[in-house]
1. Once R0 is set to 22 Å, what does the formula 1/(1 + (r/R0)^6) return for the Cβ-Cβ distance between residue 215 and residue 112, expressed as a FRET efficiency to the nearest 0.05?
2. In Å³ and rounded to a whole number, note down the convex hull volume per residue for the Cα atoms of the chain.
3. Output the antiparallel fraction of DSSP beta bridges having both residues in the range 52-155, as a percent to the nearest 5.
4. Once the Cα gyration tensor of the range 55-159 is diagonalised, what are the square roots of 5 times its eigenvalues, in whole Å and ordered largest first, as equivalent ellipsoid semi-axes?
5. Which order results if 231, 150, 58 are arranged by neighbouring Cβ count within 10 Å, fewest first?
6. Collect residues whose amide H, placed 1.01 Å from N in the peptide plane, falls under 5 Å from the amide H of residue 218; neighbours closer than 5 in sequence don't count.
7. Please compute the contact order of the chain in relative form: average sequence separation of alpha-carbon pairs under 8 Å and at least six residues apart, divided by the residue count, as a percent.
8. What do the square roots of 5 times the Cα gyration tensor eigenvalues come to for the range 113-172, in whole Å, largest first, as semi-axes of the equivalent ellipsoid?
Amino acid sequence: MVVATDYVSKAAPDGYTLLLSGSGAMAANPFLFRKLPYDPMKDFAPVARLSVLPIAVIVPGNSPYHTAGDLIAAARANPGKLNFATSSTGYRVVMTAFNEAAKINAVSVPYKAANAMMTDVMGGMVDYGGVEVSAIIPHVQSGKLRALAITGPNRLPQLKDVPTLRELGLERFPLSTWVGLFAPAGTPQPIVDKLTRLAVQFATTPEAMAHYQARGSAAYPADGAELRKNIVADQKSWKQMITVAGIQPE
């Protein structure tokens, strides 16, 4: 993603080369890497926010923990005994912030790939984990995984019984993981405005909303000005979460 983001940051600002990016590249990466080849605030013209991509706290389908409260109670009763799995530094940051908000002490088990991580969670080799909702919907529906909570502003229709961390009072820092559209800095404002109008219109069509829902996400449209505010707020949250997690930039 760094390579693609850098490429677009240096592309001609004519409206023909655009970046579809998650919040990680714009809000988290400045604090996860010592040096980036792009500046999220200077090198891009935010066009539109399109969708939200929640992260879920998951346990095996046969886990004794049926709610986030069950998991937290067990972890507090057995400090340092439970473990949690993640497949990237970003997910580990989110899960560490969850643990801190829940006042629990658990052992981090990092994985290099989400599929391997979910396989071990399903098999009960780790107690719980954190992963993007889009990766777990079939496994939750089959009963192999159970979702206890999700990040994001609202519940998802696909997981209507799964509360948000905000609802549970477990959102240590305001956080949303989203997908947005960006143009290179210097793109003429009339072009940006046209792209914004088209992107927001697209995000609210029944076809787009059905696509998002099928992927475990939801429409979350906003114009470029709102997206820029989103980035500024999320950078503050990610910086704080990374500090709490004790993660040093690569």
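Each value in this text was obtained by applying a stated rule to the coordinates, not by laboratory testing. Since the structure is predicted, the reported quantities are computational estimates derived from the model, not experimental observations. All Cβ positions, even for glycine, are placed from backbone atoms using ideal geometry, and neighbour counts span all protein chains on display.
1. Efficiency at R0 = 22 Å is approximately 0.45.
2. Roughly 113 Å³ of hull volume per residue.
3. Percentage antiparallel, nearest 5: 60.
4. 18, 15, 14
5. 231, 150, 58
6. Long-range HN contacts for residue 218: 52.
7. 36 percent
8. Largest first, the range 113-172 gives 21, 13, 10 Å.
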